[in-house]
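The values are calculated or read from the model by the stated rules, or taken from the named source; none is laboratory data. Because the structure is a prediction, the values reported are computed rather than measured. Cβ atoms come from the backbone with ideal geometry, glycine included; neighbour counts cover every protein chain shown.
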Amino acid sequence: MNKMIKVGISEFNIAKNGEVLVTYALGSCVGICLYDARTKVAGLAHIMLPSSEGFSVLGDQEGKFADTAIRGLLRLMAREGALQSRLTAKIAGGAQMFAGVSNSSLSNIGLRNVTAVKAELMKHRIPIVAEDTGKNYGRTQYFYSLDGKMTIKSAIKGEWHY
Amino acid sequence: MTLNDYGDLNEMQLDALREIGNIGSGNAATALSQMLERPVNIAVPQITVLDYQTVTEKLGGPEELMIGLLLTISGDLTGMIMFLLQKEFANMILSDLVGDIGSFDEDDEMGCSAVMEVGNIMAASYINAIASLTGLRIELSPPSFCMDMVGAILSVPTIYYADISDKILFIEDEFNNTVDHAASHVLLIPEVDALQKMMTSLGLA
């Protein structure tokens, strides 16, 4: 069993040497997995909000927003020798957990998160090679530094591999 | 005193919230007990200012399967009420109300609407108690249903309030039925503005 590295909400971290990253119960949040197949350096960020615009982001809040979290994760991965031009991305989450909530800022936050993550990845020229987003269920996300595979587990619908 | 963050609440104001939680859940338990025609116990409510991680751990870990009912509050007070029910609690409601002794699942439309109706009545009695205590006008949306990992359910209020505070104020009550030991929690999650209004109307601001 390879070492498991837990990534909490609003956090990001990296894995290498076969270590496995895991983030539990993504709801409307989005989990972003980045992988450099050459160096086998993997990264995972669990973001809550689309953009840091209008916020004064303190050090420990970097992982909360799509833009600052991706930048932070890229910095960590570069330090381990990952090359940004080689990175590929797999993303999951952004669900709408409660259907029919009238409050609009509440009902489409998952979609807004996914849109922001895609725009941010495009800005950094990182292609998205797999995606399991939207719909209405929570997801636990595993990301394997050994081969860059992503596994998604749902509480009621089983699990899939990407 | 101006409240900017949940962490700004002093001991006296927390006591007031505890009392509001107490009266609210007392009312809700009475309503539930009348519906089920059997006694329902409630624990003394816990008022906590916690971060997401701590709350999910308290509820059995982020992957624990639970039923969430979300209702939004508008009018003089804004915020949301969330009920978190163990599956056993839903089973108990179903067997008492509709005589269905099977296990609850989310595709069971009749089961879902029965659980939602119970949530609706409990939330209304909770909110009525707060309204009559504070003299504020409060409206309640119909409930929205979700059965999933508790971490994913709780991410909804956490994200919604993330631009206000890193912490969430949970007024947490535990409803228990002595026969089945099925627990449920109700979380009242007021916005900071709403807290200020509640405190002002109680003369504690």
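Among residues of segment A:76-92 that are over 20 Å from A:Leu26 (Cβ atoms), those with a Cβ under 7 angstrom from a residue that is of a type in the set (Lys, Arg), sequence gap 6+ or separate chain, pair up as A:Glu80/A:Lys16; A:Arg86/A:Arg38. When we screen A:Arg71, A:Arg75 for residues that are over 13 Å from the mean Cα position of the chain (by Cα), surrounded by fewer than 20 Cβ atoms within 10 Å (Cβ to Cβ), assigned to a helix (DSSP H, G or I) and at pLDDT 95 or above, the only hit is A:Arg75.
Scan segment A:7-45 for residues that are at the interface with chain B (Cβ under 10 Å from one of its Cβ atoms) and either touching a helix residue (DSSP H, G or I) at 6+ places or on another chain (Cβ under 7 Å) or surrounded by fewer than 20 Cβ atoms within 10 Å (Cβ to Cβ) (or both) and jot them down. Hits for segment A:7-45 are A:Gly8, A:Ile9, A:Ser10, A:Glu11, A:Tyr24, A:Ala25, A:Leu26, A:Gly27, A:Ser28, A:Cys29.
Filtering B:Val150, B:Val118 for residues that are surrounded by 21 or more Cβ atoms within 10 Å (Cβ to Cβ), out of contact with any His (no Cβ under 9 Å at 6 or more places or on another chain) and closer than 20 Å to B:Thr30 by Cα leaves a single hit, B:Val118.
Within segment A:137-156, restricting attention to residues that are assigned to a loop (DSSP other than H, G, I, E, B) and at negative phi, the residue that is nearest to the other protein chains (Cβ to nearest Cβ) is A:Gly138. Name the residue that is farthest from B:Pro190 (Cα to Cα), counting only residues in segment B:26-50 that are among the small types (Gly, Ala, Ser) and modelled with pLDDT of 80 or more. Looking at residues that are among the small types (Gly, Ala, Ser) and modelled with pLDDT of 80 or more, I get B:Ser33. Candidates in segment A:48-68 are the residues that are buried (at least 16 other Cβ atoms within 10 Å of the Cβ) and among the acidic types (Asp, Glu); of these, the one that is modelled with the lowest pLDDT is A:Glu62.
Consider segment B:132-146 and keep the residues that are assigned to a strand (DSSP E or B) and at the interface with chain A (Cβ under 7 Å from one of its Cβ atoms). The one that is farthest from B:Phe104 (Cα to Cα) is B:Ser144.
Can you tell me which of B:Leu97, B:Leu84 is under 28 Å from B:Ala131 (Cβ atoms) and either modelled with pLDDT of 80 or more or under 15 Å from the mean Cα position of the chain (by Cα) (or both)?
On inspection, the qualifying residue turns out to be B:Leu84.
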